[in-house]
Amino acid sequence: MTGPHPAPADRLDHPAGAYRVSPAWYTFLEQGRDVQASPQVLESLCTALRLDPSERTHLFLLARGEQPPLRTPPVETVDPAVAAMLPLLTPNPAYVTGRRWDVLAANLPARALFTDWFARPPEQRNLLLWVFTEAEARRRLVEWEKEAQALLARFRTASARHLEDPRFVDLIETLRRRSPEFHAWWPRHDVRGRTSGVKLIDHPRAGRMTLTHTVLHADEAPEQKLVVYYAEPGSVDATRLRTLDHPTAERNSATAAATTAVRS
């Protein structure tokens, strides 16, 4: 069977074909000519080309001569299967954080080990805020400075993907204002990937423990992190870990909180 072959821009896997714009128009856009494009079309092209924030800004400046509109961050929810798994991990502390390190869900041992996240207002359920602004964090994290610097470096790595998210900007400004250490360390531009490791924790009731933590990610929400702490089986630390309980927490509240949407 013979016939004309489609030009590359006519194929559905090409941005012009995928989003039903003229191949000539797309070529003119690439060449920087004076073309008119609606924000909706440009957003479609950004999605098709998988542009990062700086590339998206360049495209809008090129096509419209203006900054792109701020993107509304989607609402983060914890997958029900992950939420249901958290109580099953007891006595091992486990929690889920979102892309901004907001604590989206936590089992009772995790709330006892660190703080009762869900007794706090939603805007204060953030791991960085707790580590950098709470005196209790400095008492519980034996190697506080080391842990805080590593957390900041991981957060900076993640924040590069959310330069247009005003909630990231607000959090950074809040931390710079409330924490002298964050204010001093942020300009260093230290970056670090997501890693597992070991933490020394001094708990007021369970005592000092050496705990390993593992970071897991779900395909459905790759920026959410399931963090699980555990001790060597049969060790003194494992015995101490089993003593963790939260006397003021309702048994079902952790599961309920895990299914609550948090804007992040």
Within region 120-169, residues among the aliphatic types (A, V, I, L, M), touching a helix residue (DSSP H, G or I) at 6+ places or on another chain (Cβ under 8 Å) and closer than 21 Å to residue 74 by Cβ come out as 127, 128, 163
From the option list 104, 62, single residue qualifying as out of contact with any His (no Cβ under 7 Å at 6 or more places or on another chain), touching a residue at least 24 places away in the same chain (Cβ under 8 Å), of a type outside the set (S, T, N, Q) and surrounded by fewer than 17 Cβ atoms within 10 Å (Cβ to Cβ) is 62
Log entry, pairs with first residue in region 167-184 being open to solvent by less than 70 Å² (accessible area, probe 1.4 Å), second being at pLDDT below 95 and not in a helix (DSSP H, G or I), beta carbons closer than 7 Å, six or more apart or on different chains, reads 167/73; 167/100; 167/264; 168/100; 171/100
Q.
residue 104 - would you say it is in contact with an Asp or Glu (Cβ under 9 Å, 6 or more places away or on another chain) and closer than 26 Å to residue 77 by Cα?
A. yes
Quick count over region 210-248, residues being modelled with pLDDT under 90 and open to solvent by less than 20 Å² (accessible area, probe 1.4 Å), is 1
Flagged in region 24-52 as in a helix (DSSP H, G or I), surrounded by fewer than 17 Cβ atoms within 10 Å (Cβ to Cβ) and modelled with pLDDT under 70, in numbering order, are 24, 25, 27, 28, 30
Taking region 97-126 and keeping residues of a type in the set (A, V, I, L, M, F, W, C) and within 18 Å of residue 244 (Cβ to Cβ) leaves 103, 105, 106, 108, 110, 112, 113, 114, 117, 118, 119
Quick count over region 132-146, residues being in contact with a strand residue (DSSP E or B) (Cβ under 7 Å, 6 or more places away or on another chain) and either closer than 13 Å to residue 115 by Cβ or buried (at least 18 other Cβ atoms within 10 Å of the Cβ) (or both), is 3
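Matching residues to (1) surrounded by fewer than 22 Cβ atoms within 10 Å (Cβ to Cβ); (2) among the basic types (Lys, Arg); (3) assigned to a loop (DSSP other than H, G, I, E, B):
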residue	(1), (2), (3)
84	yes, no, no
87	yes, no, no
95	no, no, no
109	no, no, no
115	yes, no, yes
123	yes, no, no
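The values are calculated or read from the model by the stated rules, or taken from the named source; none is laboratory data. Everything quoted here is computed from the prediction, not taken from an experiment. We place every Cβ from the backbone using ideal geometry, glycine too, and count neighbours over all the protein chains shown. For accessibility, only protein heavy atoms count, side chains too; no ligands or nucleic acids. Shrake-Rupley method; radii C 1.70, N 1.55, O 1.52, S 1.80 Å.
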